[in-house]
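I have placed the structure first, in the form of structure tokens, so that the comments after it can refer back to it.
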Amino acid sequence: MGTIISIASGKGGVGKSVIASNLALQFSRQGQKVVLVDLDIGGANLHILFGNLSPSPTLSDFLERQTDSLDAVVHTIPWAEGLGYIPGTGNTLGGGNLLHSKKLRLLRHLKNLDADIVILDCAPGTNYHTLDFFLAADFYVTVATPDPTSVIEVYRFIKLAAIRKAMTHLSIRLHGEIRQSLVNQEFSNIQDVLEAFAPTNEVQKNEALAILNTFYPYFILNRANTNSKFSTSSLQQVLLKFLGTELVVLGEIPQDDVVTHSIRNYLPVIDWAPTTPASTALIQTFYALQQRVLTQSPHRSPSTEILQQPIKN
Ligand SMILES: Nc1ncnc2c1ncn2[C@@H]1O[C@H](COP(=O)(O)OP(=O)(O)OP(=O)(O)O)[C@@H](O)[C@H]1O
Ligand SMILES: [Mg+2]
């Protein structure tokens, strides 16, 4: 069973796949067996970063039970020993059409992949499937660019992930109407969630708080530039104030045209141009992540076990 790292952003196009592929390559260079999984099935493009324009088989084959093994849809990369990826072309995972049983099967198989490190390249958006895959990991990584829309979306993503984590965990103890109303209710912030628990059971409220206190998402700022007014510390302060969430910054990757050039050459930038600013920052970010993976206990939520109980929302 490998260590699972999820990468998500809320907003699309901010560099999740670029970051995921470079971190994955660096883990494999350290002798780890790595599998990179494209969970953005509808808008899948991870395979293109490795020069595979029409991959087969894909994650869809596993979901449609063309194969019983998730390992069977892992593609190896001839020039990168120990690095494999699962392409995600096919139907969308994000829509309501992903059956609960299919999701559980995928989550179970992700945890049992033949790998030391599994990196989940999550779909953009805040669909609850995306939140569940994100939360199924041992370590959570979020990504944003300094653009205000990207920052707002990543804040929204982290907020909804925190709420989802508390709701999912506590749902095993709740029954009937209370459970249904908590699951279906719209929450605007974490205080709302806690207040929703308070009238029923103060213990539940404290449990929710306890779960939230163990929610430590990591953050990578991508396409950073000196002209931007955005500061990572302001995002940290807002998250701490409104959610009690401590956001750990892993690194800042500068805006660097060499990233686009490397994509056009179907190579991760740390391989294509190792000494450029983007590559140097990606390697530094990798070491910050690796240090935490090696020394900190996983953030794994009890999602797989909890999700055994269907949640209607
Ligand atoms: N640090 C960077 N400097 C310059 N350009 C970058 C940088 N990071 C990413 N890009 C550009 O942004 C584009 C989008 O990156 P990427 O595909 O990784 O985003 P994504 O978040 O995975 O998108 P999606 O949500 O669609 O999956 C890349 O094709 C690349 O051109
Ligand atoms: Mg992507």
Problem set entry | Hey, His109 surrounded by fewer than 17 Cβ atoms within 10 Å (Cβ to Cβ) and modelled with pLDDT of 95 or more or not | yes
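Residues are listed down the side, and each one gets a yes or a no for (1) within 19 Å of Phe139 (Cα to Cα); (2) in contact (Cβ under 8 Å) with a residue 60 or more places away in the chain; (3) assigned to a helix (DSSP H, G or I):
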| position | (1), (2), (3) |
| --- | --- |
| Lys205 | no, no, yes |
| Ala210 | yes, no, yes |
| Phe215 | yes, yes, no |
| Leu221 | yes, yes, no |
| Ser228 | no, yes, no |
| Gln236 | yes, no, yes |
| Glu252 | yes, no, no |
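To keep it simple, each residue is scored yes or no on (1) aliphatic (A, V, I, L, M); (2) crowded, with 24+ Cβ neighbours inside 10 Å.
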residue	(1), (2)
Ala20	yes, yes
Val34	yes, yes
Asn52	no, no
Phe62	no, no
Ala80	yes, no
Exercise. So which residues in segment 212-232 are modelled with pLDDT under 85 and under 14 Å from Glu246 (Cβ atoms)?
Worked result: Leu212, Asn213, Thr214
Seminar exercise, completed: Output for Cβ contacts, cut-off 7 Å, separation at least six or different chains, first residue farther than 30 Å from Gln255 by Cβ and assigned to a helix (DSSP H, G or I) in segment 147-174, second modelled with pLDDT of 80 or more and of a type in the set (D, E, K, R), reads Leu170/Glu207
Problem set entry | Pick from segment 1-52, criterion more than 16 Å from the chain's Cα centre (by Cα) and assigned to a helix (DSSP H, G or I), ranking: farthest from Ile119 (Cα to Cα) | Ile48
Seminar exercise, completed: Subset of segment 274-313, residues polar (S, T, N, Q), modelled with pLDDT of 50 or more, part of a loop (DSSP other than H, G, I, E, B) and crowded, with 18+ Cβ neighbours inside 10 Å, comes to Thr276
For this session: Filter segment 233-245 down to the residues that are over 29 Å from Val258 (Cα atoms) and of a type in the set (A, V, I, L, M), then identify the one that is modelled with the lowest pLDDT.
Result: Leu243
Problem set entry | Tally of residues being out of contact with any His (no Cβ under 7 Å at 6 or more places or on another chain) and within 16 Å of ligand 2 (Cβ to nearest atom) across segment 39-71 | 16
Problem set entry | Residue check, Ala123 out of contact with any helix residue (DSSP H, G or I) (no Cβ under 6 Å at 6 or more places or on another chain), crowded, with 24+ Cβ neighbours inside 10 Å and part of a loop (DSSP other than H, G, I, E, B) | no
For this session: Taking Thr130 as the residue in question, decide whether it is under 15 Å from Asp40 (Cβ atoms), surrounded by fewer than 24 Cβ atoms within 10 Å (Cβ to Cβ) and within 16 Å of ligand 1 (Cβ to nearest atom).
Result: no
For this session: Identify all residues within segment 26-49 that are at pLDDT 95 or above and either out of contact with any helix residue (DSSP H, G or I) (no Cβ under 6 Å at 6 or more places or on another chain) or β-branched (Val, Ile, Thr) (or both); write none if there are none.
Result: Phe27, Ser28, Arg29, Gln30, Gly31, Gln32, Lys33, Val34, Val35, Val37
Exercise. So which residues in segment 23-32 are surrounded by 16 or more Cβ atoms within 10 Å (Cβ to Cβ) and away from ligand 1 (no atom under 16 Å from the Cβ)?
Worked result: Phe27, Ser28, Arg29, Gln32
Seminar exercise, completed: Of Leu39, Leu46, Leu70, Leu83, the only residue that is in contact with a Ser or Thr (Cβ under 9 Å, 6 or more places away or on another chain) and away from ligand 1 (no atom under 12 Å from the Cβ) is Leu83
For this session: Scan segment 156-172 residue by residue and report those that are surrounded by fewer than 24 Cβ atoms within 10 Å (Cβ to Cβ) and within 16 Å of ligand 1 (Cβ to nearest atom).
Result: Arg156
Exercise. If you take the residues in segment 133-148 that are among the β-branched types (Val, Ile, Thr) and closer than 20 Å to Thr226 by Cβ, which one is surrounded by the most Cβ atoms within 10 Å (Cβ to Cβ)?
Worked result: Val143
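The values are calculated or read from the model by the stated rules, or taken from the named source; none is laboratory data. The structure displayed is predicted, hence computed values, not measured ones. In this analysis, Cβ positions are derived from the backbone assuming ideal geometry, glycine residues included, and neighbour counts consider all displayed protein chains.
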